[in-house]
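Here's the structure we're looking at; comments come further down.
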């Protein structure tokens, strides 16, 4: 598949031809460049050959399931495609594995087309500032966010974080709840003085990176409905 200039590319993976056909028609009408795969093995092959922006995939597929496909792709580091999984059943184990691998979303069938289109249109390139002292925690969280399509700046320096906040209107600021109170106040007061809508998210070494990303995903939807700066 040749990537068309300035078009978002989407791979639709489902073992039901009717679902693939319907999704391809909808995506094409919305201006996206879409391709299809009928099973996990074909999806893996196409993802290794092409740099899709998004992969829409039923998590329970023949030959290779969605988790196995995403795992292989992450190992090879050949693509940063954002995976949106859907399933007809509630399978917490698969959902946890998908999130741990950096999936973009995990949805239940029946497929809500508007939800998928919203994810593709509205959550690309959301800017996030990660200000954490711990190198491992900062890098791990930053990489997971990048895998899901966020624009991420990482820093462990307070002065640099303050400069970033003054120069760029970040959607989210993530900082350590265990950092000195004066540092936290400097960050939040800067946001208030700029009358920014940046959402502040506190975290610490006891919280999993996946849990922070779940907060961001939830708050992204809330922010689209209600403007204003607040902490979480």
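Nothing in this text is a laboratory measurement; each read-out follows from the coordinates by a stated rule. The shown structure was predicted, so the numbers you read here are calculated from the model rather than taken from an experiment. Positions of Cβ are backbone-derived with ideal geometry, glycine not excepted, and every protein chain shown enters the neighbour counts.
Distance in nm between label sites at residue 117 and residue 72, each 7 Å beyond Cα in the beta-carbon direction?
Taking the simple label geometry, residue 117 and residue 72 are separated by 3.3 nm.
How large is the convex hull of the C-alpha atoms of region 9-122 per residue, in Å³?
90 Å³
Eigenvalues of the Cα gyration tensor times 5, then square-rooted: what semi-axes does that give for region 127-225, in whole angstrom, largest first?
18, 17, 12
Please give the per residue volume of the convex hull enclosing the alpha carbon atoms of the chain, rounded to a whole number of Å³.
Normalising the Cα hull of the chain by residue number yields 129 Å³.
Where in region 93-119 does the label zone of residue 26 land, with the point 7 angstrom along Cα→C-beta and an amide N cut-off under 18 Å?
Taking a point 7 Å out along Cα→Cβ of residue 26, the residues of region 93-119 whose backbone N falls under 18 Å are 104-119.
Within 10 Å of each residue's Cβ, count the other Cβ atoms and sort 57, 182 from fewest upward.
Least crowded to most crowded, the residues run 182, 57.
Multiply the residue separation of residue 89 and residue 166 by 0.36 nm, subtract the distance between their alpha-carbon atoms, and state the gained length in nm to one decimal. Working shown, then result.
On the way: separation 77, 0.36 × 77 = 27.72 nm, distance 4.54 nm.
Extra length from residue 89 to residue 166 when fully extended: 23.2 nm.
Once the piece of chain linking residue 205 and residue 218 is laid out straight, how much longer is it, given 0.36 nm per residue of separation minus the C-alpha distance between them?
Separation in residues times 0.36 nm, less the Cα-Cα distance, equals 2.6 nm.
Expressed in nm to one decimal, what extension gain is obtained for the pair residue 139 and residue 108 from 0.36 nm per residue of sequence separation less their Cα-Cα distance?
8.1 nm
Shape of region 124-172 from its Cα gyration tensor (a ≥ b ≥ c, root eigenvalues): rounded if a/c is under 1.5, otherwise prolate when a/b > b/c, or oblate?
Oblate, since a/c reaches 1.5 and b/c is not below a/b.
For region 127-225, calculate the relative contact order in percent as a whole number, restricting contacts to Cα pairs under 8 Å that are 6 or more residues apart.
The value is 29 percent.
For region 1-152, what relative contact order do you get, as a whole percent, if you take Cα pairs closer than 8 Å and at least 6 residues apart?
Details: 228 pairs, mean separation 26.8, N = 152.
It rounds to 18 percent for region 1-152.
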